[in-house]
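Read through the structure below, which is laid out as structure tokens, and then see the notes.
The values are calculated or read from the model by the stated rules, or taken from the named source; none is laboratory data. Predicted model only: the values in this text are computed from it and were never measured. FYI the Cβ positions are ideal-geometry reconstructions off the backbone, even for glycines, and counts take in every protein chain you see. The accessibility values were calculated without ligands, DNA or RNA, using every heavy atom of the protein model including side chains. Shrake-Rupley method; radii C 1.70, N 1.55, O 1.52, S 1.80 Å.
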Amino acid sequence: MPSFATSILRSLGAKVSAYGRKLRHRSGVWQTGKVILLASLAVVLAAFLLWPKAQAREASNVDTIMQIAQVFGTARLDRDSNSSPRISAELDGFAYTITFFDCGPSDTCSSAQFVTHFDVMADQAKLDQWNGQTAGPRAYFDAMGGTSLAQTTQLDDATGPAIVMGMIGNWGNAVFDFAALIDP
């Protein structure tokens, strides 16, 4: 008695040998199934390989970063004097700006600079202490007679929105730490 698969192949008009599977693998139905299976695997592989690139593109988009900044507090989008996108935001009472650089036509940018200004004029020893202990944001005396904290970040390195959320959260931690250092 032929197998169930042999019965199906015979009903579809395939020439099937009762002595083995050799001819079954050469049938048109089997070949079509193989092509469909391989095409499906190729589509899944392509989607798997392209997914990180799509997320990275989303992570460097100004609108996406604006939405993430709004999770942490108030934020508004405007443009600076060079027409670069800029987010002015607040994080637990501390105002900060994110200015974007090297932006494309769809407001996808390759880098951003986080800046917070403090009205307090820190002494040089505290700035040296901060700049000597951390590899992150740098502190400096600004032209407004106060102290600022700034950090430039490559958005090309951000593989997804979760990384950007971590960047903003880390920025907030650095601002709190710096505020505690200069105004105990």
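Observations, loosely collected:
- Considering the range 69-97, the residues that are under 13 Å from Phe114 (Cβ atoms) and among the β-branched types (Val, Ile, Thr) include one that is surrounded by the fewest Cβ atoms within 10 Å (Cβ to Cβ), namely Thr97.
- Per the conditions (1) in contact with a Ser or Thr (Cβ under 9 Å, 6 or more places away or on another chain); (2) on the phi > 0 side of the Ramachandran plot, the sole criterion not satisfied by Phe94 is (2).
- Within the range 66-90, residues that are free of Cβ contacts under 8 Å to residues at least 40 places away in the same chain have Cβ atoms under 6 Å from residues that are assigned to a loop (DSSP other than H, G, I, E, B) in these pairs: Pro85/Asp107; Arg86/Asp80; Glu90/Gly73; Glu90/Thr74, counting only partners at least 6 apart in sequence or on another chain.
- Here the condition is being aliphatic (A, V, I, L, M), at pLDDT 85 or above, in contact with a helix residue (DSSP H, G or I) (Cβ under 9 Å, 6 or more places away or on another chain) and not in a helix (DSSP H, G or I); of Ala143, Ala150, Ala112, it holds for Ala112 alone.
- Count - residues of the range 98-117 that are of a type in the set (Phe, Trp, Tyr) and open to solvent by 20 Å² or more (accessible area, probe 1.4 Å): 1
- For Val120, the stated conditions do not hold, so it cannot be described as of a type in the set (A, V, I, L, M) and within 17 Å of Phe101 (Cβ to Cβ).
- Selection from the range 153-168 of residues that are closer than 20 Å to Ala89 by Cβ and in a helix (DSSP H, G or I): Leu155, Pro161, Ala162, Ile163, Val164, Met165, Gly166, Met167, Ile168
- Counting residues in the range 160-183 that are more than 22 Å from Asp102 (Cβ to Cβ), acidic (Asp, Glu) and modelled with pLDDT under 85 gives one or more.
- Scan of the range 138-154 for residues that are among the small types (Gly, Ala, Ser) and surrounded by 14 or more Cβ atoms within 10 Å (Cβ to Cβ), ordered by number: Ala139, Gly146, Ser148, Ala150
- Scan of the range 43-81 for residues that are assigned to a loop (DSSP other than H, G, I, E, B) and either at pLDDT 85 or above or under 16 Å from Gly169 (Cβ atoms) (or both), ordered by number: Gly73, Thr74, Asp80, Ser81
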